[in-house]
Amino acid sequence: MNNVDLLKQIRRILVLAKTSANYSKDPFDQERLAEIVKIATDILTDGVPEHGQALQAGFTEDAGYITPKVDVRILIKNEAGEILFVQDRRTGEWSLPGGFAEIGASPVENALRETYEETGLIVQIERLLGIFDTDKRRDIPQLAQYYKIFFVAKIQSGSFKKNIETKQAKYFSIDDLPELSKQRTTREQLIELESLDEGSVFIE
């Protein structure tokens, strides 16, 4: 069994146990379910040592009914058709502007906020471009499941501002992409979106 399949099976055990614990009123059930969670997380750490501890920490922080997480991204092009990317300050890798959606804001509001925080740009959303499900991928082990929502936008005003998340923003051609942060943006996603007919939306 490869790491991706192992992660998915462990995730299913964790989801069932944590969700059941959230609704159970029986203290003995709570105790047994907590033990199941501990066993599953121990297997995760031992079975996928290169990712296990970080993935375990991120997953076990969730409480209640476990659901997929939402990530929003903005695709902006210049007149030459090049795409705007931001460079992560910590890793040096590049991605489309965006990030996790926060509670209390709509997908569009989250996308606008993330774009401003990472680029200093005020943009206008033009339309939905695509929705990807990270469970369809097999290249990077990810314990959590993410729905990645992509929007097309155009710049209204602003310029890049120094911030704690990104080092710079720069346009690249789809044929000459920089080193991408694959957990944020992949070449395959970009090619899929670029191949869409005008006005079409990709939904996975």
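The number of residues in the stretch 149-163 that are outside any strand (DSSP E or B) and within 20 Å of residue 185 (Cβ to Cβ) comes to 2.
Taking the stretch 165-191 as the range and being surrounded by fewer than 16 Cβ atoms within 10 Å (Cβ to Cβ), part of a helix (DSSP H, G or I) and of a type outside the set (A, V, I, L, M) as the test, the residues that pass are 187, 188. If you go through the stretch 100-116 and keep only what is on the phi < 0 side of the Ramachandran plot and either at pLDDT below 95 or in a loop (DSSP other than H, G, I, E, B) (or both), you end up with 100, 101, 102, 103, 105, 106.
The residue of the stretch 17-34 that is surrounded by the most Cβ atoms within 10 Å (Cβ to Cβ), among those that are among the small types (Gly, Ala, Ser) and under 28 Å from the mean Cα position of the chain (by Cα), is 17.
Within the stretch 121-143, the only residue that satisfies the criterion of being farther than 21 Å from residue 187 by Cα and at pLDDT below 95 is 143. Mind checking whether some residue in the stretch 40-58 is assigned to a loop (DSSP other than H, G, I, E, B) and at pLDDT 70 or above? The answer is no, given that none of the residues of the stretch 40-58 is assigned to a loop (DSSP other than H, G, I, E, B) and at pLDDT 70 or above. Among residues of the stretch 74-90 that are more than 11 Å from residue 154 (Cβ to Cβ), those with a beta-carbon under 7 Å from a residue that is of a type in the set (D, E, K, R) at least six positions away or on a different chain give the pairs 83/77; 85/170; 86/118; 87/167; 89/165; 89/167.
The values are calculated or read from the model by the stated rules, or taken from the named source; none is laboratory data. Note that the structure is predicted; figures quoted are calculated from it, not measured. Methodologically, a virtual Cβ is constructed for each residue, glycine included, from the backbone with ideal geometry; neighbour enumeration extends over all protein chains shown.
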